[in-house]
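K.L.:
My questions all concern the structure below.
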Amino acid sequence: MTQPFLPFTRPSIDEETIAGVVEVLRSGWITSGPKVKEFEASLSACCGGRPVRSFNSGTATLEVALRLAGVGPGHEVITTPLSWVATANVILEVGARPVFVDVDPVTRNIDLDRLEAAITPATRALIPVDLAGLPVDRDRLYDIAQRRGLRVIEDAAQAFGSRWKGRTIGSFGDFVSFSFHANKNITTSEGGALVLPDASLIPACEKLRLQGVVRTGEDGMEVDTLGGKFNLTDVAARIGVGQLRHLDEFTARRRELARLYFERFDRDLGCELPVADFVNSNWHMFQIVLPPQVKRGDFIARMREAGIGVGVHYPAIHLFSLYRNLGFREGQFPHAERIGRAIATLPLFPAMTDADVDRVCAASRAILRETLKK
Ligand SMILES: Cc1ncc(COP(=O)(O)O)c(C=O)c1O
């Protein structure tokens, strides 16, 4: 009997949430309204009571955070080349210049040992990324930011539910940005949230979220700032409300599955495994780096034939032509380039069974053994 296709990720949406979404659809109010407010209150409770505003993407959150931090033309922002392209695109969007710092090949996150050398008088902010949910060392990060007078916009798109030294990511720090895209640990189908460092930023944040509009009284309206169209809908927010109730259970199951991968993935295949962090990481992804003899495209195709989905997260950003045209070139960030060419995301999502992990490990072993023999 052929087994059903195993995707690399799949959201778990329960019947209560589906019924709740139907209720919103029938309510007569489907764009931003009471469900957005409820979702934001729940998010804030997850983030130690800090102010949180929801958005329609984790890209919009980053862009708004940069604007709130006063980053614009003539400024530089330091980030990692090994991320979803959104991380760097938002820097261009506000007219600033991205400055990349290579990753640590073990954590695959920005190498904090190299970061300070990239700071110039034009540097205004740092955008660290917690790839696959493994947090960047927040103690070292904020030590550098404070000593050098830089703002931090944590791109924690993948790190909702991750922790640093017992504290939830989002419950401390400067700006913290989350994504609720369909693949994330908690989803709203598309969406995001921005944790603000200070409640005084709420009015400016809300203006930037919706066309710069400020309403007063029954009929007053004023626009003094150019804002975007970044508000979350109540339909999406209701999905988020239902998802949040499962956060701890989802994270625990992801952690169990990651442990199983460490037990069962054949260590003699020449693959690099992720850092085995069962304290801080929310295990957003389980990513291996394939050995140099293996062509990633062939591995993905063979795994698909075996009924298993494998993802690519991510090619190094500076090698995209948009970035090459800005002067970036091959060889500048060798760790990110090598990892970006060989990284492969294996299936990991809460509804997976232990037997699914065995299936992925067995298929990987068979395919990689055969490739390595050739
Ligand atoms: C690291 C990182 N940054 C930013 C984003 C952007 O989030 P969104 O897709 O919600 O705009 C994502 C989501 O894919 C991401 O993984």
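The values are calculated or read from the model by the stated rules, or taken from the named source; none is laboratory data. None of the values given here were measured: they were computed from a predicted structure. Don't worry about glycine lacking a Cβ; one is built from the backbone with ideal geometry, like all the others, and counts go over all protein chains shown. To get the accessible areas, we keep the full protein, side chains included, count just its heavy atoms, and leave off ligands, DNA and RNA. Shrake-Rupley method; radii C 1.70, N 1.55, O 1.52, S 1.80 Å.
K.L.:
Quick check on LEU126: is it touching a residue at least 12 places away in the same chain (Cβ under 8 Å), crowded, with 24+ Cβ neighbours inside 10 Å and outside any loop (DSSP other than H, G, I, E, B)?
P.N.:
yes
K.L.:
Now for a separate question. In region 254-279, which residues are of a type outside the set (Val, Ile, Thr) and part of a loop (DSSP other than H, G, I, E, B)?
P.N.:
Selection gives PHE265, ASP266, GLY270, CYS271, LEU273, PRO274, ALA276, ASP277, PHE278.
K.L.:
Then there is this: Which one of THR225, THR251 is outside any helix (DSSP H, G or I) and of a type in the set (Val, Ile, Thr)? Break it down into steps so the answer makes sense when it comes.
P.N.:
Details: THR251 fails: outside any helix (DSSP H, G or I).
Just one listed residue meets the conditions, THR225.
K.L.:
For the structure I just gave you, tell me whether GLY173 is more than 12 Å from the ligand (Cβ to nearest atom), assigned to a loop (DSSP other than H, G, I, E, B) and closer than 15 Å to LEU62 by Cβ. Explain how you work it out, then say what you get.
P.N.:
Working: more than 12 Å from the ligand (Cβ to nearest atom): yes; assigned to a loop (DSSP other than H, G, I, E, B): yes; closer than 15 Å to LEU62 by Cβ: yes.
It is true that GLY173 is more than 12 Å from the ligand (Cβ to nearest atom), assigned to a loop (DSSP other than H, G, I, E, B) and closer than 15 Å to LEU62 by Cβ.
K.L.:
Do we find a residue being within 16 Å of the ligand (Cβ to nearest atom), buried (at least 21 other Cβ atoms within 10 Å of the Cβ) and under 21 Å from PHE55 (Cα atoms) anywhere in region 199-216?
P.N.:
Looking for residues that are within 16 Å of the ligand (Cβ to nearest atom), buried (at least 21 other Cβ atoms within 10 Å of the Cβ) and under 21 Å from PHE55 (Cα atoms), one finds at least one in region 199-216, hence yes.
K.L.:
Specify which of the listed residues (ARG147, ARG108, ARG151) is touching a helix residue (DSSP H, G or I) at 6+ places or on another chain (Cβ under 8 Å) and either open to solvent by 20 Å² or more (accessible area, probe 1.4 Å) or of a type in the set (Phe, Trp, Tyr) (or both).
P.N.:
ARG151
K.L.:
Can you say whether PRO34 is out of contact with any Gly (no Cβ under 7 Å at 6 or more places or on another chain) and open to solvent by 70 Å² or more (accessible area, probe 1.4 Å), as far as the supplied structure shows?
P.N.:
Spelling it out, PRO34 is indeed out of contact with any Gly (no Cβ under 7 Å at 6 or more places or on another chain) and open to solvent by 70 Å² or more (accessible area, probe 1.4 Å).
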